[in-house]
Amino acid sequence: MHSECVLAFKPANTRVKSMDTLPIFTPLEARVLGVLIEKEKTVPDTYPLSLNTLTLGCNQKTARDPVMAATESEVLAAINSLKDYALIIESSGGRVMRYAHNTRRAFKLPEQSVALLAVLMLRGPQTAGELRTNCDRLHPFGDISSVEAFLEELSQTELPWVVKLPKLPGSREHRWTHLLCGAVDLAVSSTPTAHRHPDELAQLQADVARLNAEVATLRETMEKIQATLGM
(Lines give C-alpha, C1' and ligand atoms only; values in the text may rest on other atoms or scores of the structure.)
Protein backbone atom coordinates (compact mmCIF):
# COMPACT_ATOMS: atom_id res chain seq x y z
CA MET A 1 0.00 0.00 0.00
CA HIS A 2 1.18 3.49 -0.75
CA SER A 3 2.24 5.32 2.38
CA GLU A 4 3.44 8.67 1.01
CA CYS A 5 0.80 11.35 1.44
CA VAL A 6 2.84 14.51 0.92
CA LEU A 7 0.98 17.21 -0.99
CA ALA A 8 2.58 18.42 -4.19
CA PHE A 9 0.46 21.33 -5.33
CA LYS A 10 1.95 23.50 -8.03
CA PRO A 11 1.56 27.17 -7.15
CA ALA A 12 -0.48 29.10 -9.69
CA ASN A 13 -1.14 32.25 -7.69
CA THR A 14 -1.15 33.61 -4.14
CA ARG A 15 -4.29 31.67 -3.14
CA VAL A 16 -2.44 28.35 -3.15
CA LYS A 17 -2.23 26.81 0.30
CA SER A 18 1.19 25.91 1.62
CA MET A 19 2.25 22.27 1.57
CA ASP A 20 2.11 22.28 5.37
CA THR A 21 -1.69 22.07 5.30
CA LEU A 22 -4.40 20.22 3.46
CA PRO A 23 -6.46 22.22 0.99
CA ILE A 24 -9.75 23.43 2.44
CA PHE A 25 -12.44 23.20 -0.20
CA THR A 26 -15.95 24.57 -0.25
CA PRO A 27 -18.66 21.88 -0.50
CA LEU A 28 -19.10 22.70 -4.19
CA GLU A 29 -15.36 22.50 -4.91
CA ALA A 30 -15.31 19.07 -3.25
CA ARG A 31 -18.38 18.04 -5.28
CA VAL A 32 -16.77 19.16 -8.56
CA LEU A 33 -13.59 17.21 -7.83
CA GLY A 34 -15.57 14.15 -6.75
CA VAL A 35 -17.67 14.22 -9.92
CA LEU A 36 -14.60 14.44 -12.17
CA ILE A 37 -13.01 11.47 -10.40
CA GLU A 38 -16.25 9.49 -10.63
CA LYS A 39 -17.05 10.24 -14.27
CA GLU A 40 -13.53 9.36 -15.43
CA LYS A 41 -14.40 5.76 -14.53
CA THR A 42 -18.15 5.62 -15.16
CA VAL A 43 -18.44 7.51 -18.47
CA PRO A 44 -14.99 7.28 -20.09
CA ASP A 45 -16.42 7.83 -23.59
CA THR A 46 -17.54 11.38 -22.72
CA TYR A 47 -14.61 12.24 -20.45
CA PRO A 48 -13.18 14.92 -19.99
CA LEU A 49 -16.45 16.67 -19.16
CA SER A 50 -17.97 19.83 -20.55
CA LEU A 51 -19.11 22.48 -18.09
CA ASN A 52 -22.74 21.53 -18.71
CA THR A 53 -22.16 17.82 -18.10
CA LEU A 54 -20.08 18.54 -15.01
CA THR A 55 -22.83 20.76 -13.61
CA LEU A 56 -25.41 18.02 -14.21
CA GLY A 57 -23.15 15.59 -12.37
CA CYS A 58 -22.88 17.96 -9.42
CA ASN A 59 -26.67 18.31 -9.26
CA GLN A 60 -27.60 14.63 -9.55
CA LYS A 61 -30.50 13.60 -7.34
CA THR A 62 -29.07 10.12 -6.78
CA ALA A 63 -25.73 9.07 -5.25
CA ARG A 64 -25.25 12.57 -3.85
CA ASP A 65 -25.41 13.83 -0.27
CA PRO A 66 -26.31 16.59 0.04
CA VAL A 67 -28.25 17.21 -3.17
CA MET A 68 -27.16 20.50 -4.73
CA ALA A 69 -28.56 22.97 -7.24
CA ALA A 70 -25.39 24.67 -8.48
CA THR A 71 -25.37 26.92 -11.54
CA GLU A 72 -22.81 26.67 -14.33
CA SER A 73 -21.22 29.93 -13.20
CA GLU A 74 -20.83 28.55 -9.67
CA VAL A 75 -19.30 25.33 -10.98
CA LEU A 76 -16.93 27.34 -13.18
CA ALA A 77 -15.83 29.37 -10.15
CA ALA A 78 -15.15 26.11 -8.30
CA ILE A 79 -13.13 24.85 -11.25
CA ASN A 80 -11.02 27.99 -11.21
CA SER A 81 -10.38 27.55 -7.48
CA LEU A 82 -9.33 23.93 -7.97
CA LYS A 83 -6.89 25.02 -10.68
CA ASP A 84 -4.91 26.78 -7.95
CA TYR A 85 -4.02 23.34 -6.59
CA ALA A 86 -3.12 21.87 -10.00
CA LEU A 87 -6.17 19.61 -9.65
CA ILE A 88 -7.85 20.50 -12.94
CA ILE A 89 -6.70 19.83 -16.49
CA GLU A 90 -8.38 21.84 -19.24
CA SER A 91 -8.68 20.72 -22.84
CA SER A 92 -10.49 22.11 -25.85
CA GLY A 93 -13.01 19.87 -27.61
CA GLY A 94 -14.21 21.83 -30.63
CA ARG A 95 -15.64 25.04 -29.26
CA VAL A 96 -16.36 23.53 -25.85
CA MET A 97 -13.84 23.56 -23.00
CA ARG A 98 -13.54 20.24 -21.21
CA TYR A 99 -12.28 19.42 -17.75
CA ALA A 100 -10.48 16.47 -16.17
CA HIS A 101 -8.95 15.95 -12.73
CA ASN A 102 -5.31 15.56 -11.74
CA THR A 103 -5.95 14.25 -8.24
CA ARG A 104 -3.63 11.27 -8.10
CA ARG A 105 -0.60 13.30 -9.15
CA ALA A 106 -1.47 16.43 -7.16
CA PHE A 107 -2.27 14.55 -3.95
CA LYS A 108 0.33 11.81 -4.50
CA LEU A 109 -2.17 9.17 -3.43
CA PRO A 110 -2.88 5.71 -4.89
CA GLU A 111 -6.02 5.03 -6.92
CA GLN A 112 -7.70 3.24 -4.01
CA SER A 113 -7.37 6.26 -1.72
CA VAL A 114 -8.54 8.66 -4.41
CA ALA A 115 -11.62 6.49 -5.02
CA LEU A 116 -12.48 6.51 -1.31
CA LEU A 117 -12.06 10.29 -1.06
CA ALA A 118 -14.21 10.81 -4.15
CA VAL A 119 -17.09 8.73 -2.80
CA LEU A 120 -16.88 10.51 0.56
CA MET A 121 -16.99 13.87 -1.23
CA LEU A 122 -19.98 12.76 -3.28
CA ARG A 123 -22.05 10.87 -0.70
CA GLY A 124 -21.04 12.17 2.71
CA PRO A 125 -20.08 10.05 5.75
CA GLN A 126 -20.23 6.28 5.20
CA THR A 127 -19.22 3.03 6.83
CA ALA A 128 -16.44 0.90 5.38
CA GLY A 129 -19.08 -1.50 4.04
CA GLU A 130 -20.98 1.29 2.32
CA LEU A 131 -17.75 2.64 0.87
CA ARG A 132 -16.81 -0.74 -0.53
CA THR A 133 -20.16 -0.96 -2.30
CA ASN A 134 -20.21 2.64 -3.52
CA CYS A 135 -16.58 2.52 -4.72
CA ASP A 136 -17.16 -0.56 -6.86
CA ARG A 137 -17.20 1.30 -10.20
CA LEU A 138 -14.23 3.48 -9.27
CA HIS A 139 -12.06 0.80 -7.71
CA PRO A 140 -13.33 -2.65 -6.69
CA PHE A 141 -12.08 -3.58 -3.22
CA GLY A 142 -11.73 -7.29 -2.51
CA ASP A 143 -13.14 -7.04 1.01
CA ILE A 144 -14.04 -4.60 3.76
CA SER A 145 -10.71 -5.12 5.52
CA SER A 146 -8.96 -3.69 2.45
CA VAL A 147 -11.19 -0.60 2.59
CA GLU A 148 -10.49 -0.21 6.30
CA ALA A 149 -6.74 -0.51 5.74
CA PHE A 150 -6.72 2.36 3.24
CA LEU A 151 -8.98 4.45 5.48
CA GLU A 152 -6.71 3.88 8.45
CA GLU A 153 -3.72 4.87 6.34
CA LEU A 154 -5.45 8.06 5.20
CA SER A 155 -6.35 8.90 8.80
CA GLN A 156 -2.89 8.31 10.28
CA THR A 157 -0.74 10.47 8.02
CA GLU A 158 0.88 13.63 9.33
CA LEU A 159 -1.90 15.53 7.54
CA PRO A 160 -4.97 13.27 7.90
CA TRP A 161 -7.30 13.11 4.93
CA VAL A 162 -10.18 11.30 6.68
CA VAL A 163 -11.47 10.78 10.20
CA LYS A 164 -13.49 8.02 11.85
CA LEU A 165 -16.73 9.36 13.33
CA PRO A 166 -18.33 8.21 16.59
CA LYS A 167 -20.97 5.52 16.15
CA LEU A 168 -24.51 6.72 15.67
CA PRO A 169 -26.98 5.58 18.36
CA GLY A 170 -27.95 1.99 17.60
CA SER A 171 -25.29 1.58 14.92
CA ARG A 172 -22.75 -1.24 14.97
CA GLU A 173 -20.27 0.40 12.58
CA HIS A 174 -18.31 3.61 12.54
CA ARG A 175 -18.73 6.01 9.64
CA TRP A 176 -15.86 7.85 7.99
CA THR A 177 -15.75 11.33 6.50
CA HIS A 178 -13.14 13.34 4.58
CA LEU A 179 -11.38 16.44 5.90
CA LEU A 180 -11.04 18.30 2.61
CA CYS A 181 -13.73 20.78 3.67
CA GLY A 182 -12.12 21.42 7.04
CA ALA A 183 -12.21 19.87 10.49
CA VAL A 184 -15.28 17.96 11.63
CA ASP A 185 -17.11 18.47 14.92
CA LEU A 186 -17.14 14.87 16.16
CA ALA A 187 -19.75 15.62 18.83
CA VAL A 188 -22.20 17.01 16.29
CA SER A 189 -21.42 14.21 13.83
CA SER A 190 -22.52 11.61 16.38
CA THR A 191 -26.17 12.71 16.08
CA PRO A 192 -28.34 10.87 13.53
CA THR A 193 -29.38 14.02 11.64
CA ALA A 194 -25.98 15.72 11.58
CA HIS A 195 -25.28 14.70 7.99
CA ARG A 196 -28.62 15.81 6.60
CA HIS A 197 -28.80 18.80 4.31
CA PRO A 198 -30.60 21.81 5.87
CA ASP A 199 -33.16 21.78 3.04
CA GLU A 200 -33.89 18.12 3.74
CA LEU A 201 -34.44 18.82 7.44
CA ALA A 202 -36.71 21.74 6.60
CA GLN A 203 -38.73 19.50 4.28
CA LEU A 204 -39.06 16.83 6.96
CA GLN A 205 -40.22 19.41 9.48
CA ALA A 206 -42.76 20.74 6.98
CA ASP A 207 -44.04 17.20 6.33
CA VAL A 208 -44.46 16.58 10.07
CA ALA A 209 -46.35 19.86 10.47
CA ARG A 210 -48.61 18.98 7.53
CA LEU A 211 -49.34 15.52 8.91
CA ASN A 212 -50.12 16.95 12.34
CA ALA A 213 -52.56 19.39 10.73
CA GLU A 214 -54.23 16.57 8.80
CA VAL A 215 -54.59 14.49 11.97
CA ALA A 216 -56.14 17.45 13.78
CA THR A 217 -58.62 17.94 10.92
CA LEU A 218 -59.55 14.25 10.92
CA ARG A 219 -60.02 14.31 14.68
CA GLU A 220 -62.30 17.34 14.39
CA THR A 221 -64.31 15.65 11.63
CA MET A 222 -64.71 12.48 13.70
CA GLU A 223 -65.93 14.48 16.68
CA LYS A 224 -68.57 16.17 14.51
CA ILE A 225 -69.70 12.82 13.15
CA GLN A 226 -69.90 11.36 16.63
CA ALA A 227 -71.91 14.37 17.82
CA THR A 228 -74.31 14.02 14.90
CA LEU A 229 -74.84 10.32 15.64
CA GLY A 230 -75.16 11.00 19.35
CA MET A 231 -72.20 8.89 20.18
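The values are calculated or read from the model by the stated rules, or taken from the named source; none is laboratory data. What you are looking at is a predicted structure, and each value in this text was computed from that prediction instead of being measured. Glycine gets a Cβ as well: all are built from the backbone with ideal geometry, and neighbour counts include every protein chain shown. Heads up: the accessible areas ignore ligands, DNA and RNA and are worked out on the full protein's heavy atoms, side chains in. Shrake-Rupley method; radii C 1.70, N 1.55, O 1.52, S 1.80 Å.
Observations, loosely collected:
- Residues with amide H under 5 Å from that of Thr177, placed H, sequence gap 5 or more: Val163, Leu165
- Under 12 Å, Cβ to Cβ, from Pro44 - net charge with Lys/Arg +1 and Asp/Glu -1: 0
- Segments 147-157, 163-173 sorted - mean Cβ within 10 Å per residue, highest first: 147-157, 163-173
- For Arg98, the residues 5 or more places off, or on other chains, whose built amide H falls under 5 Å of its own are Ser91, Ser92, Gly93.
- In this simple spin-label model, placing a label point 7 Å from the Cα along the Cα-to-Cβ direction at both Leu218 and Arg95 gives a separation of 5.8 nm.
- Each peptide among 49-61, 120-132 gets the average number of other Cβ atoms lying within 10 Å of its residues, and from highest to lowest they stand as 120-132, 49-61.
- Computed over protein heavy atoms with a 1.4 Å probe, the accessible surface of region 27-178 works out to 45 Å² per residue.
- Spacing of the two label points (7 Å from each Cα toward its C-beta) at Thr62 and Thr46, in nm: 1.4 nm
- Computed from point charges on the beta carbon alone (+1 for Lys and Arg, -1 for Asp and Glu), the dipole magnitude for region 27-178 about its Cα centre is near 220 Debye.
- Computed from backbone phi with θ = phi - 60° and the Karplus coefficients 6.51, -1.76 and 1.60, the 3J(HN,Hα) list for region 57-64 is x, 5, 9, 3, 7, 10, 6, 9 Hz; x is used for glycine and proline.
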